[in-house]
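Asks: One structure, as structure tokens, below. Some questions next.
Read-outs: derived from the displayed coordinates by stated rules, not from any lab. Not measured: the values here are computed from a predicted model. Here the Cβ positions follow ideal geometry from the backbone for every residue, glycine too, while neighbour counts run over all protein chains shown.
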Amino acid sequence: MTNAVTRPFLCRNGFNSPDANYTDNDEVMGLAHQVKTVNGMRTVSDKSALTTGEVARFCGVNFRTVIRWIERGHLEAYKLPGRGDNRIPVTDFVSFLEKNQMPVPEELLPQRSMLLLWSESRGGELAAIGRCAGWEPLVASSELQLGYLLGVHQSAGVIVDTPAAQESIDRLLVGKNRGLELRIRLCHQPEVEKVCAGWHIVSWPSGQQVLVNLLSEFSPGSSVDNGSV
């Protein structure tokens, strides 16, 4: 028999929710090992899916309420093999919160500092440029891994150097309620600088300063109001 576990949820407006109790042992254990401490506060670590217990904690409701949302089609989820535990993709949960005009927890917002990189030969060089501009670069070893990292991490920017990689990212973002604040594709044609379908096309290496300027403008620490790309 599962022992009841009571965890009060402090909403972002400063009020405790009386319904924020849940008793599913698997969900509680899953939450226990997937949180980390940041500046003294416990937050869910960066990952692609949440348990019903975590969603309940964020919303300030009982985990059974989350299950009802799933069963009624209000919240997208999938079942794990075996016991059939529910997992809710982070992107779908954020969409659910926004659709219902509920506050999105800060730890689920895009990590503005994350910059995904894919280049056949210049990954290290691009990473150094990105790091100097205030980003946290993450270099993919292949286009396949780039797609995986895009799904797992709440990234704010991406740099690729092939049209195929650009098309792959566009396909992955179709139907998603989030985008990338900065998308850059490097090309090897001289004197090319334009914006096409949300992508900044930058000549390389002649346009290196253009790249530096873009990364600095959209940097998480920039005071410029960039808007969305």
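Asks: Counting Lys and Arg as +1 and Asp and Glu as -1, each charge on the Cβ, what is the dipole of segment 111-217 about the Cα centre in debye, to the nearest 20? Intermediate results must be reported in sequence, preceding the final value.
Replies: Values: 9 positive and 11 negative charges, 62 e Å.
Result for segment 111-217 is approximately 300 debye, rounded to the nearest 20.
Asks: Where does each of GLU54, GLU107, GLU76 land when they are ranked from fewest to most other beta-carbon atoms within 10 angstrom?
Replies: By the 10 Å Cβ count, ascending, the order reads GLU76, GLU107, GLU54.
Asks: Efficiency by 1/(1 + (r/R0)^6): what FRET value for GLN101 and LYS79, r their Cβ-Cβ distance, R0 = 30 Å, to the nearest 0.05?
Replies: Working: r = 28 Å, r/R0 = 0.94.
Taking R0 as 30 Å, the efficiency between GLN101 and LYS79 is 0.60.
Asks: A further question on this structure: What's the exposure ranking of HIS188, HIS200, HIS153, going from fewest to most Cβ atoms within 10 Å?
Replies: Values: HIS188 10, HIS200 20, HIS153 17.
The most exposed by this proxy come first: HIS188, HIS153, HIS200.
Asks: Let me ask something else. For segment 81-160, what class follows from the C-alpha gyration tensor (a ≥ b ≥ c being the square roots of its eigenvalues): rounded when a/c is under 1.5, otherwise prolate if a/b is larger than b/c, else oblate?
Replies: Details: a/c = 3.42, a/b = 1.65, b/c = 2.07.
In terms of gyration-tensor shape, oblate.
Asks: Tell me the label-point distance for the pair GLU120, ARG68, using the 7 Å Cα-to-Cβ offset, in nm and rounded to one decimal.
Replies: Roughly 5.6 nm, to one decimal.
Asks: A further question on this structure: Taking N as the number of residues in segment 111-217, what value does Rg over Cα atoms divided by 2.2 N^0.38 Å take? Please list the in-between numbers first.
Replies: On the way: Rg = 12.5 Å, N = 107, 2.2 N^0.38 = 13.0 Å.
That ratio works out to 0.96.
Asks: Taking neighbour counts of Cβ atoms within 10 Å as a proxy for exposure, in what order, fewest first, do SER142, SER168 appear? Numbers along the way, then the final one.
Replies: Details: SER142 11, SER168 18.
If I rank by nearby Cβ atoms, fewest first, I get SER142, SER168.
Asks: Rounded to whole Å, give me the distance from the Cα center of segment 129-182 to that of segment 71-102.
Replies: 24 Å
Asks: Evaluate the relative contact order of segment 111-217 (contact order divided by residue number), counting alpha-carbon pairs under 8 angstrom at least 6 apart; express in whole percent. Show your work: numbers first, answer last.
Replies: Working: 164 pairs, mean separation 26.0, N = 107.
About 24 percent, as a whole number.
Asks: Taking 0.36 nm per intervening residue step and subtracting the Cα-Cα distance, what contour gain separates ASP170 from SER142 on full extension? Each step should come with its number before you reach the end.
Replies: Values: separation 28, 0.36 × 28 = 10.08 nm, distance 1.65 nm.
Length gained, ASP170 through SER142: 8.4 nm.
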